[in-house]
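The values are calculated or read from the model by the stated rules, or taken from the named source; none is laboratory data. Just so it is clear, the structure is predicted and the values come from calculations on it, not from any experiment. Neighbour counts run over all protein chains shown; Cβ positions are idealised from the backbone, glycine included. With ligands, DNA and RNA removed, areas are computed over all heavy atoms of the protein, side chains included. Shrake-Rupley method; radii C 1.70, N 1.55, O 1.52, S 1.80 Å.
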Amino acid sequence: MDFTRKAKWTFVLVTILFSLVQSSSANHTSINDTSIEMIHVGLILDAQSWVGKIVDSCISLAISDFYSRNRHYQTKLIVHTRDSEVDSLLVLSQALVLLENFKLDAIIAAENSAAVKTLAELGSRVKIPIISLFAAAPSLSFSEYPYLIQIGQDESSQAKVIAAIAEAFSWRSVTLIYEDNDPARPILSNANPSFDQHVALLASSTDEEIVEQLRNLMSLQTTVLLVHMSPILASRLFLNARRLGMMSQGYAWITTDMITNFMNSMDPSVIESMQGVVGFKPHIPASKELRKLAIRWRSKNLNENQNLEEMEINVYGIWSYDMFWAVATAAERVMTRHPHILHQVTRMNMNFTTIRSSQSGLVFMDEILQSRFKGISGGFQLTNGRLIPKEFEIVDVFKGERIIGYWNPGKGITSLMKQENNNETNSTSSSKLESVIWPGGTMNIPKGWSLHGKRLRIGVPADNGFREIISVTRDPRTNETTVTGYCVDVFKEAVQSLGYEVHYDFIPFEDANGRMAGTYDDLILQVYYKNYDAVVGDTTILASRLPYVDFTMPFTDIGIGTVVPKINKKSIWIFLMPLSGDLWITTAAFFILTGLVIWFIERPINEEFQGSPCEQIGMIFWYSFSTLVFAHKEKLLSNLSKFVVIIWVFVVLIITSSYTATLASMLTVQQIELNSKQDYVGYHYGFLLSRAVSNLNFKNPRLKPYISPEEYADALGRGSNNGGVSTIVDEIPYLKVFLAKYPSDYTIIKSMTTTGGFGFVFPKGSPLVQDISSAIMRLREEEELQLMENKSFHSTESIFTDQDTRSNPSRLNLHSFGGLFLVTGISSTSALLLCLFQKSRPIIIREFKFFLNSMDSVKDYLKVQRYFTTLTILFN
């Protein structure tokens, strides 16, 4: 009993003493604070979010550190904290309540992107700084909102980092998993690269709902997954992904800074499930000040806040800490430079309430914008009202967090040894990154997509007619279908070289009778309608088909050609065919003419051209025709005859060369002229004939369709006059098969690259297109395609001759050589006339002398003498 009474009295005494101490302390504070100007600042954040907790804790630590180091300051920031509860309307409501109850000089709002613009407009109305921390909202114009300061969270920079990582690892598509809330949703509007799929999760989503969405993602081909959500929801996502086997080899996971900033604060079981994840976050340079701050923050939270005991300080806390120092320093400068402004207050009516506004807002804002100091985050400087990350660090999660590289807007991806990359710009190469350990513990870069063991349904054309290209046969006993041919060989070889397994089944596109169930366009549209996963066969790459499907690069020659029968080599008069009749006659006439001119000039002075009439006639023909083979040996004495022979030998050279070339061509190719209505043109059934006929310039063709090489040969053998055709027009691969079977009877004389060749068909955006195309290119470079073609077509040499229609062999006519004959005719005639004149000169001289002797006047004699002398000089 006595003990109880003593205890009561002791408690009363302690209470009284405590009250006295508190009263004394309060009086002391009031005395000290009377000379300090209180600067009221509103802080609105989500008290339950990780970001909100860290911001609140770091600002509290910043207040303690700042004023313990600056006890002499005449100002002190008083922070009034309010909970937004992730409600943008509540943010505005809390801001108005604070403005009504306090003379606020600034408002700080964290995370709430939906309320940023509204708060910015409110700040412009009441003229106080609005500081937005980490709000994932589009950058607002500083000129339009001069009282808004935005810290961190630049969505456009994040999008560029994502694009750089995807490009570095050659990923063509990325699937986005994001939290459907205001902070995470803006990433959709800055998607770069564009996301093939995006899946939205709610913070309230159950594990069953998360698993359902993940199962849907497993059915997709894309295996590169970008996660953009709060760390709490991300923790649940990765735990469920690991249970489903999605954290295994073949997958690639990327996390944005919303998650990566809190990586060190996550539960060890979550980190264990995130092994192999690649993430990025703003880079904060290591320093002694940062380490000391982290230790103080950790110690403070262990003692005061059990909710943060497992967290590590991150960029959100560091920027908040530096931002408070900037605001507190600016407040002191305002007090020092403009002390009278702080005490001016204006009341404003805001519809349903009256708020107090400080007149110092504009000056306060200017002082904050001019802040320059070295903070914990590095150099602190606002640019157009913004403080955004200057550089991101890229990390790999494997038994902890490991930095593998950096990214900045000027240089792109850079290595850890950044000083070695000063001259490099816009780099996106994965070689700049340290080796990455991907999910499943592998160092092999995920290719970005997977078939997940799915067997591809590959359509093939039936009843082609060219079995060497594609052939479908069915065993009548077992009903088993076998698909063979060049197209199938190339596809199998390409798939085998991919380095990963692709399972597939060939399904003929046929009706109940075993014939094609439609046209080739119908077959290709089956891929567009998702009835087939691909098409392997003689499918031509055409622009009209590209809007519906994707083609691999061609694995055959491109274009179309014309095949005709070779000329009949058994004719004994084939040597006469290169030259037309009038050209033969004209050439022979000029041979004789040239011989006569040479004989006439040389006979008076050259003994080799003299003799009996028979000998002289023989010399005329011998000399002229010997120039045909350049066998003339007779020595010419007159310059005129030498001039004639030089011109003539040149003409003979041109004619003989043209004759030889034309005869050689005719022994190989027969030129056809499809200008008459009696000529028929054959083509492959199903071929785009209208385009082919238009491009090959056929006039008024009469068309006949055929299916097989045997039908081609039969039609060409009969000719247009006997129920066949004069030519076949088809794509080069079909013509190669045909000519391999009949190499001695037919040949290609024309070709044009008006089609894209044969390619394999896949759905739009299929990642197999690039891999198969690369495999085809390797096969072509290694000459494997040519070997497979020779084997399938049964050909041992190239039978393709590319010729233009204007260079096809045709008979040479007189018009083609009219200029040459004109030149040699003029030269021969001129030489003959000069020779005649020289022979008549002695007679002229005798007549002139007689005339001179009969002259009476000396004066006339001298004039004529001078004239005669001039003529003599000219003719000599």
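The residues in the stretch 499-530 that are open to solvent by less than 60 Å² (accessible area, probe 1.4 Å) and more than 27 Å from Pro547 (Cβ to Cβ) can be counted, and the count is 2.
Report whether or not Met258 is in contact (Cβ under 8 Å) with a residue 24 or more places away in the chain, open to solvent by 10 Å² or more (accessible area, probe 1.4 Å) and not in a helix (DSSP H, G or I).
no
Taken over the stretch 521-568, the criterion of being hydroxyl-bearing (Ser, Thr, Tyr), farther than 20 Å from Phe506 by Cβ and in a helix (DSSP H, G or I) is satisfied by Ser544 alone.
Please verify whether Ser235 is within 29 Å of Glu434 (Cβ to Cβ), of a type outside the set (A, V, I, L, M, F, W, C), assigned to a loop (DSSP other than H, G, I, E, B) and modelled with pLDDT of 90 or more, treating the condition exactly as stated.
For Ser235, the condition - within 29 Å of Glu434 (Cβ to Cβ), of a type outside the set (A, V, I, L, M, F, W, C), assigned to a loop (DSSP other than H, G, I, E, B) and modelled with pLDDT of 90 or more - is not met.
Would the stretch 103-115 turn up any residue that is among the small types (Gly, Ala, Ser) and part of a helix (DSSP H, G or I)? Outline the logic, then answer.
Going residue by residue through the stretch 103-115, those that are among the small types (Gly, Ala, Ser) are 106, 109-110, 113-115.
Then keep just the ones that are part of a helix (DSSP H, G or I); that gives none.
Scanning the stretch 103-115 turns up no residue that is among the small types (Gly, Ala, Ser) and part of a helix (DSSP H, G or I).
If I filter the stretch 386-397 for residues that are over 38 Å from the mean Cα position of the chain (by Cα) and touching a residue at least 40 places away in the same chain (Cβ under 8 Å), do I get at least one hit? For the stretch 386-397, residues over 38 Å from the mean Cα position of the chain (by Cα) and touching a residue at least 40 places away in the same chain (Cβ under 8 Å): absent. Do the conditions hold for Thr473, that is, is it polar (S, T, N, Q) and not in a loop (DSSP other than H, G, I, E, B)? Criteria met by Thr473. When Leu244 is tested against (1) buried (at least 24 other Cβ atoms within 10 Å of the Cβ); (2) free of Cβ contacts under 8 Å to residues at least 60 places away in the same chain, exactly one condition is not met: (1). Every test in (1) at pLDDT 90 or above; (2) among the aromatic types (Phe, Trp, Tyr); (3) buried (at least 19 other Cβ atoms within 10 Å of the Cβ) is passed by Trp449 save one, and that test is (1).
When the stretch 474-498 is examined, which residues are found to be among the small types (Gly, Ala, Ser) and either on the phi > 0 side of the Ramachandran plot or surrounded by fewer than 17 Cβ atoms within 10 Å (Cβ to Cβ) (or both)? Scanning the stretch 474-498 gives Gly485, Ser497. In the stretch 67-100, the residue that is farthest from Trp297 (Cα to Cα) out of those that are assigned to a helix (DSSP H, G or I) and either touching a Phe, Trp or Tyr at 6+ places or on another chain (Cβ under 6 Å) or of a type in the set (D, E, K, R) (or both) is Glu100.
Is it fair to say Arg172 is open to solvent by 10 Å² or more (accessible area, probe 1.4 Å), closer than 24 Å to Leu451 by Cβ, modelled with pLDDT of 90 or more and not β-branched (Val, Ile, Thr)? It is false that Arg172 is open to solvent by 10 Å² or more (accessible area, probe 1.4 Å), closer than 24 Å to Leu451 by Cβ, modelled with pLDDT of 90 or more and not β-branched (Val, Ile, Thr). Summed over the stretch 260-293, the residues that are over 20 Å from Ser377 (Cβ atoms) and β-branched (Val, Ile, Thr) give a count of 4. Of the helices (runs of 4 or more DSSP H) entirely within the stretch 703-800, those holding at least 3 residues that are open to solvent by less than 10 Å² (accessible area, probe 1.4 Å) occupy 709-718, 732-741, 768-781.
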